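To start, the structure under review is shown below, and the notes come after it.
The values are calculated or read from the model by the stated rules, or taken from the named source; none is laboratory data. Everything numeric in this text was worked out from a predicted model, so none of it was measured. Using ideal geometry, Cβ is built from the backbone for each residue, glycine included, and neighbour counts are taken over all protein chains shown.
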Amino acid sequence: MTSILQNISKHVSLTSDEETLFLSKTETKFVKAKTILLSSNEIAKHTYFVNSGILRSFNINDNIIEHVLHFACEGWWIGDMFSYISGKPGNLFIEVLEDAEIVSISKENHQQLYHEIPKLERFFRILAENSLVSHQERLMDNLSLTAEERFEKFCTKYPTLIQKVPQKQIASYIGVTPEFFSKLKKRLLLK
């Protein structure tokens, strides 16, 4: 069973015919590191499931500072959901950080799947609910936790990323400058 079907089976059961139909509406591709899958001000026409590799979503503010919103490793989904759902240009970039195998689903095929396999609406609703909870938790963490506590939480949530992702991207994700992050790591190592 492919990774994406295993991911779906955590929440809904598909018949063999439904699995085949679902896979026929997706595209699996290998993407090299540093590839930009989506740029800011583009309309997101796909959402992605990561079979292998690492992706990130981020935006760049007026001062040319990157703000990392999300990392996606094996078994995770990623996309600019504002743009994907609204059909309007988004403000996120999606970049491949490590050579990856991804499964892409177009919005058109996604909508067709809802009609042809109604239980997929339940699956994607559960994903959306989990994402909403995760983003709310992250917002509350950013408002109430220290940088050190946010970094410790990052290490718990993404243990495999610490050595694979540039420090400046981790700093951006936890909401500190790279310089402050370097001092923070040094202080933690001395403990």
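Details
- Scanning the range 136-150 for residues being more than 19 Å from residue 60 (Cα to Cα) and in contact (Cβ under 8 Å) with a residue 12 or more places away in the chain gives a total of 4.
- Where a residue in the range 151-170 is closer than 15 Å to residue 137 by Cα and its partner, wherever it lies, is modelled with pLDDT under 90 and surrounded by 14 or more Cβ atoms within 10 Å (Cβ to Cβ), with Cβ under 7 Å and at least six apart: 151/184
- Complete set of residues in the range 168-191 that are part of a helix (DSSP H, G or I), touching a helix residue (DSSP H, G or I) at 6+ places or on another chain (Cβ under 6 Å) and modelled with pLDDT of 90 or more: 168, 171, 174
- Enumeration of residues in the range 47-69 that are crowded, with 21+ Cβ neighbours inside 10 Å and not polar (S, T, N, Q): 48, 49, 50, 54, 55, 56
- The set of residues in the range 1-27 being surrounded by 14 or more Cβ atoms within 10 Å (Cβ to Cβ) and of a type in the set (S, T, N, Q) consists of 2, 3, 7, 26.
- Residue 102 within 16 Å of the chain's Cα centre (by Cα) and modelled with pLDDT of 95 or more: yes
- The lone exception for residue 33 - which of (1) more than 15 Å from the chain's Cα centre (by Cα); (2) within 21 Å of residue 106 (Cα to Cα); (3) of a type in the set (Gly, Ala, Ser) it fails: (2)
- Residue in the range 47-69 that is under 17 Å from the mean Cα position of the chain (by Cα), of a type in the set (Asp, Glu) and assigned to a strand (DSSP E or B) present: yes
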